[in-house]
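Written out below as structure tokens is the structure these notes cover.
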Amino acid sequence: MPPPIPVDLQPHTPAWSDAAAREAQRLAEALGPQLIAVHHIGSTAIAGLLAKPILDMIPEVRALAAFDACQAILAHLGYEWWGEYGMPGRRYATLTDGATGQRCIQLHVFETGSPHIVRHLAFRDYLRSHPAKAREYETVKLRSREQHPHDSHAYSEAKSDWVRLTEAEAIAFYRLLPDALRRAGPAEPSLPNGHAAANRSSLRRTGASQMRQPTFHRVVGLGENCRAKHNIERKWTEYRRTSLRATTDCLTRTVFDWQATPYPALLEYLRRDFRGMFEREDLGMLDGRVVNKRYGTLHRHDFPDSPDLAIHYAAARSRHDHLCNKTRSAVTDRLPTLFIRYGALAPGEERVLHDAIAALRHGRPFALALIDDDGHPPSDPAEPWQGNHDYWHAALSRYSMRSDASLGTLLPKIAREQARRIAGHIRHLRF
């Protein structure tokens with residue numbers, strides 16, 4: 001058993017997420033195909049929350065029996081092996097910083113399909129989406145530290161009742177979202193490739209030309225929520241005012257712009273050709289909002305507050321079907337298209353999503369960009385859902401957007417856009 005250590009709670013820093021991404025890459029290179037994903041969990045994975053400067057990570061492996069043979073590999077990486085450490089079905093290992101002598105990483109290894117993976121991810125994502133609950137947890141942590149400032153074991157035990165109760169709430173919350181329960185949010189840092197290791201976004205390209213310069217004629221947002229839509233429009237609304245060929249016809253409004261769409265639900269939309277995803281019998285209520293109990297989508301913008309499904313479903317269904325038709329047309333468009341999704345995915349998940357899009361594209365060129373600004377402070381604290389504008393601007397600046405329309409078609413369109421913009425400034429006395 002590792003000895004107890006002093007309880008040192010520190011303000012959250014994005015450096016923790018970056019360090020987790022680097023360690024995930026190191027583990028992936030050492031463990032190879034035995035490793036499915038690495039999930040960053042615990043307080044260091046929750047922006048704004050005080051935490052001990054120790055990364056908690058879940059390597060998700062194919063089989064524990066095979067992983068047991070990897071003890072020497074972990075030892076070579078500097079880890080100390082503790083076996084199950086009181087939890088059947090787990091392998092626990094710790095890494096100590098050689099320079100400081102302080103513990104810096106704790107691995108909780110589980111076999112894929114373990115309910116403990118869901119438990120940890122549900123708890124993490126529940127606190128991420130419930131800021132008041134995260135603040136409550138911080139109060140519990142501070143109280144526990146006051147009681148046991150020099151004994152991390154006793155500190156953990158002091159807050160265990162609150163953690164167990166909140167875990168039950170988190171899992172109950174995700175049971176209303178059965179697909180999300182299996183994935184329980186973005187599996188960051190998710191074994192990043194070379195692009196993601198540097199800036200927590202990743203890119204896949206396909207098509208005959210491979211587009212050496214990443215220039216596209218269409219951009220399509222794939223969720224996970226309206227953060228992607230907001231930042232895509234923010235970036236290219238600004239861009240089209242300064243670029244002759246970047247106009248609004250490059251931007252496509254999709255069904256994913258108006259709902260929260262977990263990764264498994266996104267795949268179902270693509271595989272089902274955007275049909276059968278909004279049936280009345282699949283819908284229910286969660287905290288006054290409409291949720292698809294079958295696919296886990298949250299429909300905050302499709303219905304009024306506290307809606308009556310019997311009254312409001314028909315209009316929402318008509319709007320949903322219209323957006324699905326627009327999305328289907330955009331996904332299958334012949335033009336080089338950039339697909340953007342907010343959040344990190346495991347490499348296997350990214351490949352599956354890439355292949356699902358490719359199956360609909362039939363060889364037409366496209367790229368898939370995953371942009372994850374979690375761990376970076378929101379630009380507008382009053383609107384945290386918008387994310388970090390600077391991070392999104394930098395990530396999207398890697399791509400060029402050009403309309404395929406002729407100059408004769410573009411000039412009148414640009415003139416109309418500029419006239420509307422100037423009229424708006426005049427109405428609001430904003431120059």
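The values are calculated or read from the model by the stated rules, or taken from the named source; none is laboratory data. From a predicted model like this one, the values you see are computed outputs, not experimental measurements. Cβ placement follows ideal geometry from the backbone for every residue including glycine, while neighbour counts extend to all protein chains displayed.
Looking only at residues of the stretch 260-285 that are among the aromatic types (Phe, Trp, Tyr) and out of contact with any His (no Cβ under 6 Å at 6 or more places or on another chain), we find that the one that is nearest to residue 321 (Cα to Cα) is 274.
Of the residues screened, residue 99 is not one that is modelled with pLDDT of 95 or more, assigned by TED's automatic domain parsing to the domain that holds residue 18 and of a type in the set (Gly, Ala, Ser).
Screening the stretch 1-59 for residues that are touching a residue at least 40 places away in the same chain (Cβ under 8 Å) and of a type in the set (Asp, Glu) and picking the one that is farthest from residue 74 (Cα to Cα) gives 8.
Per the conditions (1) surrounded by 21 or more Cβ atoms within 10 Å (Cβ to Cβ); (2) under 25 Å from the mean Cα position of the chain (by Cα), the sole criterion not satisfied by residue 111 is (1).
Note on the stretch 269-363: enclosed strands (runs of 3 or more DSSP E) holding 1 or more residues that are surrounded by fewer than 14 Cβ atoms within 10 Å (Cβ to Cβ) are 283-286.
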